[in-house]
Structure formats: C-alpha cells, structure tokens
Amino acid sequence: MLHMIFSSPFQNRALQQCVAQLLPGDEIVLLQDGVVAATSPGQLESALKQAAAVYVLETDLLARGLAGRVAADVDVIDHNMLVELTVRHPNCMKWA
C-alpha cells in the first residue's frame, strides 16, 4: 500500500498513526506540509525501519524552502515518479 502523508508531524499525529499501520512492502510519500518530516531528525526513524521506502515530492520541498535538507534515507521524487508509485500500489491511504 502507498501511504501519502500531507501534514507536518508538528501539526498532528498523521505520520505516527501511519507508521503504526505499516505492513511489509508498504511505502510512504511525503507531500505538501508532510515534507517537513523529511528534514526533521528522528521523525522518520520508525517509518524507515518498517517501510520499504520513504519518498518526498521535490516541488513541495522547493515550495517550502527545504531543498537540500532531506535525510539521506529519503528519496526525492518528481511528479512522474509519484504517478509510477500510484500505479505500482493500487491501494493508497491518505493521511492528513
């Protein structure tokens, strides 16, 4: 399943709730204010241990002035890769 996180970990517990539901093979995409988690040490530690991969949308990083501050274990993707992920995972869960 593809989990799409739209809110900052400092706004609510969406990321923590998502991590609690992860299954083997699940992947996470950080979008909109969710990209803040990719730059915050410790926010993704448990997610990275459980998820196959964590991605962050480049345009949302740029819009928030966070480019170049992404944790090493997080892959920066463009819109084309986001489409590929949604095709790869027929089931998606939105966390806002």
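Each reported figure results from applying straightforward, stated rules to the coordinates on display, with no laboratory input. All values derive from a computational prediction rather than experimental measurement. Using ideal geometry, Cβ is built from the backbone for each residue, glycine included, and neighbour counts are taken over all protein chains shown.
Just 27, 84, 58 to compare: in a GNM of the chain, with alpha carbon springs under 10 Å, which one fluctuates most?
84
Just in region 47-79: which trypsin sites (Lys or Arg not before Pro) are loop by DSSP and have at most 13 other Cβ atoms within 10 Å?
Loop-located and lightly packed - 69.
Quick one: compute the contact order of region 2-95, relative version, from alpha carbon pairs under 8 angstrom and 6+ residues apart, as a percent.
With pairs under 8 Å counted, the relative contact order is 35 percent.
Could you bin all the Cα-Cα distances of the chain into 10 Å bins starting at 0 and give me the percent of pairs in each, rounded to whole numbers?
All Cα pairs considered, the percentages come to 17, 58, 25, 0.
Sketch the reach of a paramagnetic label on residue 69 as a point 7 Å from Cα along Cα-to-Cβ, and name the residues of region 23-45 whose backbone nitrogen lies under 18 Å away.
Within reach of a label on residue 69: 30-45.
With the chain treated as a Gaussian network of Cα nodes joined by springs under 10 Å, which of 62, 44, 22 yields the largest mean-square fluctuation?
Residue with maximal mean-square fluctuation among 62, 44, 22: 62.
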